[in-house]
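Read the structure below first, then the notes.
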Amino acid sequence: MELADRITARAAGRPRALAGALGVLGLVGGIAALGLLLPVSEALIVEDAVGVSVFALATNLLLGYGGLVSFGQAAFYASGAYLVTLGWRRWDWSFWLALALAPFLGAALALPIGLIALRTRKLYFALLTLAFSQLFFVLAEKQFTFTGGDDGSFVKFWATEPRHGFLLVLAVAAVSALALWWIVSSPFGLVLRATRENRERMEALGVNVFAHQLAAFMISGAFCSVAGVLFVVYSQTSYPTLLQWTTSGEPVIMAVVGGMFAFLGPVIGAFVYTLGHHYLIQHTTHWQLILGAVLLAIVLLRPDGLAGLLQLRRRKA
Amino acid sequence: MTVVLDAQGLGKRFGSFHAVDGVDLAVEEGAIHSVIGPNGAGKTTLFRLLTGVLTPTSGTLVFRGERTEGKRPHAIARRGLVQSFQMTSIFPRLTALESVEAAIVARERRALDCVTRFHRSTAGEARELLDSVGLGEVGQLRADTLSHGDQRALDIALALATRPSLLLLDEPTAGMSPTETHRIRGLVSELARGRGLTVLFSEHDMDVVFGISDRVTVLHEGRVIAEGSVADVQADPQVMAVYLGSAEVAA
C-alpha cells in the first residue's frame, strides 16, 4: 500500500512541479517582454514592482512563514541601497561588488538586532524592530558628511540603457525568489511554519526555537538588502527616507494584500501596490484612503489575501 | 530493572505555596508508570519540572544518568524525555503528515537545514507513525480539522517521532468520550508493550490507570502519599482517605 501511495504521490507531484516551473518561466518571460515593449517610463514602474517584490517576499519569510511581524525591515533594505551608493562614491566599488556583499551585510545587521528583538514576542518584537530601524534613520540623517544626509547619495551607472537595468533587476529578483522558494520548501521552512503554529510544541520536540527564528531573521535581512540594491538600479539614489517606518510597513502591506500564505502572494501584492499607487496618484490625491479601504477589506474578508481570492492553487498555510 | 528517570526530593515553591513538595519518583525502563491524585495535587507542575518547563526550587533530577534540573526544555527533549500535552498541542494549520515530518526533522537535528531537501525516508517514516496511531487515512488533512481523538493521537505521534526513551503523557484521556478513551488506552498500552517504550502518565480515569499501569504513584497536596503496584495502591488506607467517596478507588 505504501509503495502504491508513493507511486501516486509521484505521479501527482510531477506534472504539478512541471506546471509550476512552466508557470514561473512564463511569468518571468512575460515581465521581461513588458520591460522591453512598454515605453521606458512605464517599464520603470514595472521594474519598481519587480524590485519591491523581493522586499515583500523576504519580509514574508518572517510574516507568513514565521508568524513574526517585523516593522524594521527598512533597516536591511536601506543597508543594501547605501552599500551601492556609498561604496561607489567613497571607495569606488563596482556595482557587482556591492551586489555580492549586500546579502552578507543584511544578514550581519540582522544578527545583533535579532539577538535582542527575538527575545520578545509579538507587539514587543514589532516595536523593537521598529526602534532599531528608526535608530538607523536618525544615524543616516545626522551623518551628513558620510551619507549625504537628506540630500541622499546619487550614483551613476554602467546601466545607462534603462532596458538593461530592467533585465538586471528581473534576473536578480528571479534568482532571489527561487532561492527563497528553495528555503521555504526545505526542512528549515517546515519547522519555521510549525513554530509559527505552536512554538512551545516545537521546543518540546527538541528544536532551539530562538536560534531557528534568528536564522530566519538573518535570511530575511539578507534578501531585503538585495532588494535595496535593486532599488538603486532604478532610482540611482539612496536617502534616509528609505529607513522610515513607512518603508518597513510597505512590504508588510504588500504581503497582506497579496496573501501571506501563498509563496507568490507578496509578489501579487507588490504589483498591485506599486501599479495601484502609480495610477491612482494621477487621478486622486487620496490614494492612501483607497489603499486603507482595500487593506481593511482584505484583513476582514480574506485574511489569505488576493492569492486566496484568486485561488491560483490550493495551498497549505 | 534500570531506573530511567529518578527524582529525589523534588520541589517547586510559588511564593509560600508548595505546589510540589519533596517528591521522590523512580521510573523503571519499559514500565507504564502512572501518577494520580486529586485536582491540585501537583501532577501538572511535577510534569513541568520533569520536562524543564519549570525549574525546581529544590531536589535533584536524573534522567538516563544525567542531571537535568535547570536544563532548557529542548535540551531535555533531545535527551529523550518527551511530553505529550494535557491540552492537545498540535500545529493547527499544518497537515498531519507535515506535522510528523517536522517532528522527525527535529529529531534528526536538521531543523536549521535550509539547503538540502527532505530525506526520502522522512515521508515514509511519517506515514508509518501515522499508521501506528491509527491516522493512516488522514495524513493530508489539516490538523485543526481532525476530531478530538485524532488530534490526541497526532499529539502522541509527534512525541513518538522523536524516538523518546521516556514518553510523558499528561491526562491523555482528559475530556474524551468513552470510545475515544478506550482507543487512547489501547494505544498507550500497545506502545509500551509493543515498542518497549517507557511511559509516565497522569490520569483521572481510574479504569485506565488500574487497567494498564505497572506502577502507580499517588500525589496529594504536592507530596507522595503512596507508591507501588496497582494492588498496593488500591489497598492503601491513606489513598482511600484522600479519595474518600470516590467509588472507583474504593472498589
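The values are calculated or read from the model by the stated rules, or taken from the named source; none is laboratory data. Treat the numbers as computed from the prediction; the structure is a model and nothing was measured. Here the Cβ positions follow ideal geometry from the backbone for every residue, glycine too, while neighbour counts run over all protein chains shown.
Residues of segment B:7-27 being surrounded by 17 or more Cβ atoms within 10 Å (Cβ to Cβ) and not aliphatic (A, V, I, L, M), which ones?
Result: B:Gly11, B:Lys12, B:His18, B:Asp21.
Of the residues B:Gly37, B:Gly30, B:Gly80, which single one is under 18 Å from the mean Cα position of the chain (by Cα), closer than 30 Å to B:Val242 by Cα and either within 14 Å of chain A (Cβ to nearest Cβ) or crowded, with 19+ Cβ neighbours inside 10 Å (or both)? Step through it out loud before you land on a result.
Details: B:Gly30 fails: either within 14 Å of chain A (Cβ to nearest Cβ) or crowded, with 19+ Cβ neighbours inside 10 Å (or both); B:Gly80 fails: closer than 30 Å to B:Val242 by Cα.
Of B:Gly37, B:Gly30, B:Gly80, the one residue that is under 18 Å from the mean Cα position of the chain (by Cα), closer than 30 Å to B:Val242 by Cα and either within 14 Å of chain A (Cβ to nearest Cβ) or crowded, with 19+ Cβ neighbours inside 10 Å (or both) is B:Gly37.
Go through segment B:88-124 and give me each residue that's among the acidic types (Asp, Glu) and surrounded by fewer than 19 Cβ atoms within 10 Å (Cβ to Cβ).
The first filter runs over segment B:88-124 and keeps only residues among the acidic types (Asp, Glu), leaving B:98, B:101, B:108, B:113.
Passing the criteria: B:Glu108, B:Asp113.
What tally of residues in segment B:102-131 results from selecting those that are over 17 Å from A:Ile183 (Cα atoms) and without any contact (Cβ under 8 Å) to a residue 40 or more places away in the chain? Show your work before the answer.
Going residue by residue through segment B:102-131, those that are over 17 Å from A:Ile183 (Cα atoms) are B:103-104, B:107-108, B:120-131.
When the remaining residues are screened for being without any contact (Cβ under 8 Å) to a residue 40 or more places away in the chain, the result is B:108, B:120-131.
Summing the residues that are over 17 Å from A:Ile183 (Cα atoms) and without any contact (Cβ under 8 Å) to a residue 40 or more places away in the chain in segment B:102-131 gives 13.
Condition test on B:Leu50, is it farther than 25 Å from A:Met202 by Cα and aliphatic (A, V, I, L, M)?
Values: farther than 25 Å from A:Met202 by Cα: no; aliphatic (A, V, I, L, M): yes.
No; evaluated as a whole, the condition is false for this residue.
Which residues, counting only those in segment A:204-217, are facing chain B (nearest Cβ under 7 Å) and either crowded, with 22+ Cβ neighbours inside 10 Å or touching a residue at least 24 places away in the same chain (Cβ under 8 Å) (or both)?
Within segment A:204-217, A:Ala204, A:Leu205, A:Gly206, A:Val207, A:His212, A:Ala215 qualify.
Going residue by residue through segment A:111-118, is there one that turns out to be in a helix (DSSP H, G or I), closer than 15 Å to A:Glu250 by Cβ and under 20 Å from the mean Cα position of the chain (by Cα)?
no
From the list B:Ala41, B:Ala77, exactly one residue is modelled with pLDDT under 90, in contact with an Asp or Glu (Cβ under 9 Å, 6 or more places away or on another chain) and part of a helix (DSSP H, G or I). Which is it?
On the way: B:Ala41 fails: part of a helix (DSSP H, G or I).
The unique qualifying residue is B:Ala77.
Residue by residue through segment A:128-143, note down the ones that are surrounded by 15 or more Cβ atoms within 10 Å (Cβ to Cβ) and under 17 Å from A:Ala110 (Cα atoms). Break it down stepwise before answering.
Taking segment A:128-143 first, the residues surrounded by 15 or more Cβ atoms within 10 Å (Cβ to Cβ) are A:128-134, A:136-137, A:140-141.
Those that are surrounded by 15 or more Cβ atoms within 10 Å (Cβ to Cβ) and under 17 Å from A:Ala110 (Cα atoms): A:Leu128, A:Thr129, A:Leu130, A:Ala131, A:Phe132, A:Ser133, A:Gln134, A:Phe136, A:Phe137.
Scan segment A:236-253 for residues that are out of contact with any Gly (no Cβ under 9 Å at 6 or more places or on another chain) and either assigned to a helix (DSSP H, G or I) or surrounded by 23 or more Cβ atoms within 10 Å (Cβ to Cβ) (or both) and jot them down.
A:Leu243, A:Thr246, A:Thr247, A:Gly249, A:Glu250, A:Val252
For B:Ser132, are the conditions met, namely being in the same structural domain as B:Gly37 (by TED's automatic domain parsing) and closer than 24 Å to B:Ala31 by Cα? Step through it out loud before you land on a result.
Numbers: in the same structural domain as B:Gly37 (by TED's automatic domain parsing): no; closer than 24 Å to B:Ala31 by Cα: yes.
No.
Residues that are within 13 Å of chain B (Cβ to nearest Cβ) and more than 30 Å from A:Gly29 (Cβ to Cβ): does segment A:240-250 have at least one? Explain how you work it out, then say what you get.
In the first step, residues of segment A:240-250 are kept if they are within 13 Å of chain B (Cβ to nearest Cβ); the result is none.
For segment A:240-250, residues within 13 Å of chain B (Cβ to nearest Cβ) and more than 30 Å from A:Gly29 (Cβ to Cβ): absent.
Can we say A:Leu178 is in a helix (DSSP H, G or I), at pLDDT 95 or above and within 30 Å of A:Gly30 (Cα to Cα)?
Details: in a helix (DSSP H, G or I): yes; at pLDDT 95 or above: no; within 30 Å of A:Gly30 (Cα to Cα): yes.
Here the answer is no, as A:Leu178 does not meet what is asked.
Being within 12 Å of another protein chain (Cβ to nearest Cβ), over 30 Å from B:Thr51 (Cβ atoms), out of contact with any Cys (no Cβ under 7 Å at 6 or more places or on another chain) and surrounded by fewer than 23 Cβ atoms within 10 Å (Cβ to Cβ) is the requirement here; does A:Phe261 meet it? Explain how you work it out, then say what you get.
Numbers: within 12 Å of another protein chain (Cβ to nearest Cβ): yes; over 30 Å from B:Thr51 (Cβ atoms): yes; out of contact with any Cys (no Cβ under 7 Å at 6 or more places or on another chain): yes; surrounded by fewer than 23 Cβ atoms within 10 Å (Cβ to Cβ): yes.
The answer is yes for A:Phe261.
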